[in-house]
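Derivation of every value follows stated rules applied to the coordinates shown; laboratory data play no part. The structure presented is a predicted model; accordingly, all values stated were derived computationally and were not measured. Cβ atoms come from the backbone with ideal geometry, glycine included; neighbour counts cover every protein chain shown.
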Amino acid sequence: MELNSFRKEYLENVKTIAAAENEGTVNTFVKTVLEDLQSLNIIPDFETCFSIGRNGRRNYRVDGYSFDDYDCSMSLFIADYSGEPETETLIKTEANILFDKLNTFVDGCLNGNFRNEIEISTPVYDMVEQIIRLKNTTRKYRFFIITDKIMSEKISTFPFSSINDIPIEFNIWDISRLYRVLSSGDGHEPVEIDFSKFSLKGLPCLEASDASTDDIKCYLCVIPGSVLADLYDTYGSVLLEGNVRSFLSTKVKVNKNIRKTIIEADGETKRMFFAYNNGISATATSASISENSQGKYVTSIKNLQIVNGGQTTASLSNTRYKNTC
């Protein structure tokens, strides 16, 4: 199926559901896209709650939200729905305006007076309460534009931004990205990691030659805990998709023990962390290996999936920020 056919079918399905459930088309589009993102493990459970208004002189809009207990990220969604037969283009100026509306909403929750200004009986009030309640827990805000348009090729990255010193991650899910991922064989969007951003030379490694075959290469690596935590901070629970997102609360005994070996300032416990925690197992579709006089290094890896050790990975990240998440 080509992109145009996919878009036409996708929007027809949205309109059919909207008519059957007597809902607005935009709200149904939001719910449909978020259900797809949830099925792709991009987000966990979500709530839709459309709201527009002003915070001072700035306009805000929000169409839904989601909080991920695994990486302590708060996701907020804004829709840019056209519904037109001909596919339109989302340009960067428009994207900046949409992201600013989400930013204005969060700022109104944290630094404004939304708790008293927004009607308590409305669904969006629950979102305001959630954002305020979790303000000391949230480690990242993830802003999502979901649209039936095609993102302009001139959009590449957005400058770093933050709210109350908490970083913001910008995401655009346009119709072509939905088509690409939903039409792929495994319904997954690969992540490519450049280890030079986390470790100067990459990860030192040894090939497990007896375990390798013509089709599969196996490597043994030692990865510093700080690098593993950095990876989780950057990519979040998407790295755990193959692990069925199995990180539990730090109140569970096993995670308390992992945490103890991380935070001990000195003593035998910290020195034994490597021995106590028996590492992680991960798969990838491909990896780049460099070699010099000091040995081999993994310099980049595509579609890294932690299939055993997700609990340790998330604990490393969570513990260095606060006692619990």
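Points worth noting:
- Distance from region 199-235 to region 22-44 (C-alpha centre basis), Å: 35 Å
- Residue among Phe160, Asn27, Ile175 farthest towards the positive dipole end of region 3-182, charges placed on Cβ: Phe160
- Each Lys and Arg contributes +1 and each Asp and Glu -1, all at the Cβ; summed about the Cα centre of region 3-182, the dipole is approximately 560 debye.
- With 32 Å as the limit, the listed pairs Lys92/Lys296; Lys92/Lys302; Lys8/Lys101 have Lys92/Lys296 beyond it between alpha carbons.
- From helices alone, the chain scores -10500 deg cm²/dmol at 222 nm; the rule is -39500 (n - 2.57) for each run of n ≥ 4 DSSP H residues, then divide by the residue total.
- Fraction of antiparallel bridges per DSSP, the chain only, in percent to nearest 5: 65 percent
- Largest first and in whole Å, the equivalent-ellipsoid semi-axes of region 3-182 read 26, 18, 16, each the square root of five times a Cα gyration tensor eigenvalue.
- Across region 3-182, the mean sequence separation of Cα contacts (distance under 8 Å, 6 or more residues apart), normalised by length, yields a relative contact order of 22 percent.
- In order through region 108-125: 3J(HN,Hα) via Karplus (6.51 cos²θ - 1.76 cosθ + 1.60), integer Hz, x for Gly, Pro: x, 6, 7, 10, x, 10, 4, 4, 9, 8, 8, 4, 5, 7, 8, x, 5, 4
- For Cys49, the residues 5 or more places off, or on other chains, whose built amide H falls under 5 Å of its own are Gly64, Tyr65.
- When Leu203, Leu220 are sorted by how many other C-beta atoms sit within 10 angstrom of their C-beta, beginning with the fewest, the order is Leu220, Leu203.
- Amide H contacts under 5 Å for Lys140, placed H, 5+ residues apart: Met74
- The long axis of helix 253-263 is offset from the longest Cα principal axis of the chain by roughly 70 degrees.
- Whole-angstrom gap from region 66-105 to region 116-146, using each part's C-alpha centre: 15 Å
- Potential lengthening between Ser212 and Arg115 on full extension [0.36 nm per residue; Cα-Cα distance subtracted]: 29.1 nm
- ³J(HN,Hα), Karplus 6.51/-1.76/1.60, whole Hz, each residue of region 62-77, x for Gly, Pro: 8, 10, x, 7, 7, 10, 9, 5, 6, 10, 6, 10, 9, 9, 10, 10
- Unit charges on C-beta of K, R, D, E only; dipole of the chain, Debye: 1300 debye
- Asn4 versus Ser176: modelled label distance in nm, points set 7 Å from Cα along the beta carbon direction: 1.5 nm
- Karplus-derived HN-Hα couplings along region 5-21 (A = 6.51, B = -1.76, C = 1.60, θ = phi - 60°), whole Hz, x at Gly and Pro: 5, 4, 4, 4, 5, 5, 6, 5, 5, 4, 5, 5, 5, 4, 5, 5, 9
- The H on the amide N of Val191, modeled in the peptide plane, is under 5 Å from the matching H of Asn303, Leu304, each at least 5 residues off or on a different chain.
- Efficiency of FRET between Arg54 and Ser161 - r from beta-carbon atoms, R0 22 angstrom, step 0.05: 0.60
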